[in-house]
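Right, one structure below, let's go through it.
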Amino acid sequence: MRASTVKNPAAEAPKPESNYLNNGHTIASWLLTKDHKRIAILYLISVTIFFAVGSFLAGLIRAELILPRGVMLENETYNKIFTLHGVVMIFFFLIPSIPATLGNFLIPMMIGAKDLAFPRLNLLSWYLYIIAGLIAIVAIAMGGVDTGWTFYAPYASMYSNSQVSLTIGAAFLAGFSSIFTGINFIVTIHKMRAPGMTWFRLPLYVWGHYSTSIIIILGTPVVAITLLMLLAERTLHLGFFSPELGGDPVLFQHLFWFYSHPAVYIMILPGMGVISEIITCFSRRRIFGYEFVAFSSLAIAGLGFLVWGHHLYVSGQSMYQGMVFSIITFLVAIPSAVKVFNWSTTIFKGSVRLQTPMAYALGFMGLFLVGGLTGLYLSSMATDIHLTDTYFVVAHFHFVMVGGAVMAMLGGVHFWWPKMTGKMYNEHLGKLSAAITFVGFNLTFLPQFAMGYLGMPRRYHYYYLWPDFQIYHILSTAGAFVLAIGYAMPAFYLLWSLKHGKDAGPNPWGAKGLEWTTPSPPPTENFTTIPIVTEEAYNYDPELAEREETLADMLEHDYSPEGAGN
Amino acid sequence: MPGSLLAQFNMPLMPEQASEFAKPYDSIFFATTALTVFFIVVVVIMITVFVIRYRHGVKADRSNAPTSHMLLEITWTAVPFILAMGMFFWSSYLFVQQRIPPKDAQEIYVIGKQWMWHIQHPNGIRENNELHVPVGKDIKLVMIAQDVIHSFYIPAFRMKQDVVPGRYTMQWFKATKPGKYPIFCAEYCGTQHSEMGGYVYVMSQADFDKWQANGGEKVKETDLTPVAQGKALFERYRCATCHVDADTERGPTLFGLVGKTRDFTDGSKKVADREYVRESIVSPEKHLVKGYDNTMATYKDDITEDQLLYLYEYIRTLGGPSRKPASAPAATNQTGTTR
Ligand code: HEM
Ligand SMILES: [Cu+2]
């Protein structure tokens, strides 16, 4: 094998004896670890399992809707399934996904630190998350919950006979898990940067997490309190939300969305960070407008707290209140637009390599664009009247959260997989899975925009009152099965690569960033010597990059079957 | 055969435009769509061209690649901003129109409960899960829920409003095209949420009159109008033990109440409207009229939402006070004008 990159002679050095993976093989050495990288792997395994569960439930929902009167489920079962799908995907997959896996793994390495500021807190937050997951499973075993992941009162507090209290308990604990992660990140980013790592040399990925963590620690306590209030109303009959007890049902929605709208940004901002890393690396370009991209994250985090009322235009809130929320919602869309323009321009005059992470990142851009722009229909008060609570909304938020956050998550996992495991996966299969995911995704969710505009309400098990929606449901279900293939593929070839993949070396992509200066997999203390940072992030040179060849380039061109995992 | 299989399905592209609001609504919808498509096309073309032109190994000028450009940043911040503000004003204007009904709109009551829509016409006709309306008339729906939040949604009219327990909400429309259109409940409300719907029948005035004359082709539960039912309830619950045609020591008069400003013991003021009347019956202690103690008992557990609506309709018909405030409560249990 030739040297993996011209610029990284370290690749030729003998493999390090000890890395974070082989440093201890017992189960206890994993379950009691304080190493942020091992905790990240624990999270990666857990969120993947939850993602599989959530996706299976989505498949049931989609299969059920092929016929106007349903295929196999009772309406009560159906309601429990979409509720669980939502709860699992939001609280147990999307919110922890990028922060707790990639964030945990990368933030200390990207800023040149040995670990997070509070390693024990980090482990505790994983345990809270797992306990929350177990409680959710108990809730399912005891009959499930049928309120929707939004737990609207007074239905959830007074009328639902399902396991609402347990499920709320699970969401509550999962919330604390993410608060701990948020605190850990903020302190780490403030206090543990390597010498020379100034704020404006931070990778944009770190900026994304910084903004997210601010939202987490300001917003999550509010939803925790809201859920406690709901619990108190349910069990002790304290009147907060139910008019029968003297409460106000719309108050619940205000409190709930005060957290849950910013929660969308918790999901998407780290994703945007991933995209910034990938686009720059695979274009070999300094990011266009670094400061604008960094500050747009903060702007999104800040403004994101002021827009919750756009979920309530038709709830009975005053229309003047609605107008204030509408105008701020339009404002918060702009920093996202700025990011898209900056990423696109970053490719200009680059030296573009279309390897798997880049394929996912380009897919992200396309899908996030659609997700973001269709948000305009819902920010506009008039158009929202007709579209809210229909499949248009379902399509919109899947484009943002699944097309956006999940694509970014997959792109990130593919980008940093060689770093995390020291192995290269099969590049052809990687690109194929990105393509299948993109096509399947569009086939699944584009028809839902049409369906929503036609008036198909969400959370509907039947539509025999107006069966015109059927053709769109069929298309959408077909898409879901294509998408399922796209999502399942990486699980196989990535695991395969663990055994059969080519050794990655420290920097197979030819990327910048401190995490690429250390061996793959990294040693337990990340760096042998604390690095000193002397240059800006993304100090790429596209002209030079034309002449260099990385391990990934070589694998792409003369791919040999006995090598990277066929 | 796949051909005939496909022919089984119709593939509608838009819902019917059956109300006056639908046309301007669709204008905004399609303008937004044009904008969306435009931006998607621009960005996708830009990315595709860059990716192909600057692909690794392809000869191209890569020198002096820019890393920032103030004017460009300002432009692509300002242009979306201006477009967004345009959409904001256009859309909010239409929203406000949709929320302010014409003064003389015909009121119809809608009560949502798990899992049914009860509809109550002013002449006493009731319907469940069906709403018959004449074409070309302004109709205002006054809505409340009995249990959880529901949402009254007619896609063909492009209108939807949550129906909330404990407070009245409202929406209005003018139907423009006879036909049968679906009504849905759009806010998740429990087990049979998906079945909580029905149809609105828009009829020509002549057909509607005929329908009405036949008593709505349905067995009516009663032929009394809401006002008459309200009066009966007023008597049954003996409201007039305290509320007579003038203020007494026992209670303030309800004559001329609706629309009047009330002064409360806590110093606040409020115009007596539908919401206030309902609250005064359900939780009278919340706003005590100046000069009175909290002596009225709540009727919360005895009275249903439809009865509250009837009582309001009846109280609304009571004119101004017919005599000067009496110093002593007349031992009367009836009001002068209602007999
Ligand atoms: C194969 C991919 C997926 C399909 C086909 C799918 C499909 C659906 C469907 C049909 C609904 C029900 C809509 C309704 O009746 O209101 C739904 C709801 C939802 N989905 Fe997905 N979904 C998929 C993946 C995901 C993923 C990956 C996430 C998050 C990471 C997600 C998050 C949600 C949420 C939060 C809801 C709302 C649940 C609620 O209404 O309570 N979905 N999805
Ligand atoms: Cu309902």
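The values are calculated or read from the model by the stated rules, or taken from the named source; none is laboratory data. Just so we're clear, the structure is a prediction, and the values are computed from it rather than from any experiment. Note that each Cβ is placed from the backbone with ideal geometry, even for glycine, and that neighbours are counted across all protein chains shown. The accessibility values were calculated without ligands, DNA or RNA, using every heavy atom of the protein model including side chains. Shrake-Rupley method; radii C 1.70, N 1.55, O 1.52, S 1.80 Å.
Each residue of the stretch A:419-436 was assigned a 3J(HN,Hα) from its phi angle through the Karplus curve 6.51 cos²θ - 1.76 cosθ + 1.60 (θ = phi - 60°); the sequence is 5, 6, 10, x, 10, 9, 9, 6, 5, 5, 5, x, 5, 4, 5, 5, 5, 5 Hz, with glycine and proline shown as x. Expressed to the nearest 5 percent, the antiparallel share of DSSP beta bridges inside the protein assembly as shown is 70 percent.
Each Lys or Arg adds one and each Asp or Glu takes one away; over the other residues whose Cβ falls under 12 Å from the Cβ of B:THR265, this sums to 0.
Across the protein assembly as shown the C-alpha pair distances fall into 10 Å bins from zero in the proportions 2, 11, 20, 22, 17, 12, 7, 5, 2, 1, 0 percent.
Just so you know, the Rg over Rh for the stretch A:164-247 is 1.22, from Cα atoms, with Rh as the Kirkwood radius.
When accessible surface is computed with a 1.4 Å probe, chains A and B are found to bury approximately 8500 Å² between them, both chains counted. Highest average first, the peptides A:256-262, A:238-244, A:385-391, A:139-145 ordered by how many other beta carbon atoms sit within 10 Å of their residues are A:385-391, A:256-262, A:238-244, A:139-145. Remark on B:CYS185: its backbone amide H falls under 5 Å from those of B:MET196, a criterion applied only to residues 5 or more positions apart or on other chains, H modelled at 1.01 Å from N. Accessible surface for the protein assembly as shown, divided over its residues, is 38 Å² per residue with a 1.4 Å probe.
Projected over all directions and averaged, the alpha-carbon convex hull of the stretch A:442-488 occupies 3.3 nm².
Sorting the segments A:93-101, A:514-522, A:362-370, A:64-72 by their residues' average number of neighbouring beta-carbon atoms within 10 angstrom, most packed first, yields A:93-101, A:362-370, A:514-522, A:64-72. Scanning residues 5 or more positions from B:TRP117 or on other chains, those with amide H under 5 Å from its amide H are B:ASN129, with H placed 1.01 Å from N in the peptide plane.
Whole-Hz Karplus values for the stretch A:88-97 come out as 5, 5, 6, 7, 10, 10, 5, 5, x, 3 Hz, taken residue by residue from phi with 6.51 cos²θ - 1.76 cosθ + 1.60 and θ = phi - 60°; glycine and proline positions read x. Counting only other chain Cβ atoms within 10 Å of each residue's Cβ, the peptide A:29-36 averages 0. Tell me whether chain B comes out rounded, prolate or oblate; compute the Cα gyration tensor, take square roots of the eigenvalues as a ≥ b ≥ c, and use a/c under 1.5 as the rounded threshold. The shape class here is prolate. Express in % the proportion of alpha carbon pairs of the stretch B:1-99 at distances exceeding 15 Å. Result for the distance tail: 79 percent. Considered as an equivalent ellipsoid built on the Cα gyration tensor, the stretch B:204-319 has semi-axes of 32, 15, 13 Å, the largest given first.
Computed from backbone phi, the HN-Hα couplings of the stretch A:166-178 come to 4, 5, 4, x, 5, 5, 4, 5, 4, x, 5, 4, 6 Hz, rounded to whole numbers (Karplus: 6.51 cos²θ - 1.76 cosθ + 1.60, θ = phi - 60°; Gly and Pro given as x). Look at where the Cα atoms of the stretch B:122-194 and of the stretch A:26-94 average out, and the two centres are 36 Å apart. Annotation: amide H of B:THR248 within the under-5 Å range of B:THR253, sequence separation 5 or more or interchain, hydrogens built in the peptide plane.
For a straight C-alpha distance cut-off of 25 angstrom, the lysines reachable from A:LYS499 (same-chain residues fewer than eight places away being disregarded) are A:LYS15, A:LYS37, A:LYS419, A:LYS423, A:LYS431. Ordering B:GLY267, B:MET11, B:MET143 by the projection of their Cα atoms onto the charge dipole of chain B, which places +1 on the Cβ of Lys and Arg and -1 on the Cβ of Asp and Glu, puts B:MET11 at the extreme positive end. Measuring nothing but protein heavy atoms, the accessible surface of the stretch A:47-134 at 1.4 Å probe radius is 74 percent carbon and sulfur.
Counting only protein heavy atoms and a probe of 1.4 Å, the accessible surface of the stretch B:95-221 is 50% carbon and sulfur. Across chain B, the relative contact order, built from alpha-carbon pairs under 8 Å that are at least six residues apart, equals 15 percent. Build a GNM of chain B with springs between Cα atoms under 10 Å apart, and of B:LEU13, B:LEU141, B:LEU311 the one that fluctuates most is B:LEU13. Diffusion coefficient of the stretch A:278-355 by Stokes-Einstein, Kirkwood radius over Cα pairs, 37 °C, 0.692 mPa s: 229 µm²/s.
Once the partner protein chains are put back, the stretch A:210-256 shows a loss of at least 10 square angstrom of accessible area, versus the chain by itself, at A:PRO243, A:GLU244, A:GLY246, A:ASP248, A:PRO249, A:VAL250, A:GLN253 (probe 1.4 Å, ligands and nucleic acids excluded). Comparing each chain alone with all protein chains together (probe 1.4 Å, DNA, RNA and ligands left out), the residues of the stretch A:377-418 losing at least 20 Å² of accessible area are A:TYR377, A:SER380, A:MET381, A:ALA382, A:THR383, A:ILE385, A:HIS386, A:ASP389. Positive contributions from Lys and Arg (+1) and negative ones from Asp and Glu (-1), summed over other residues with Cβ under 14 Å from the Cβ of A:ILE107, come out at +1.
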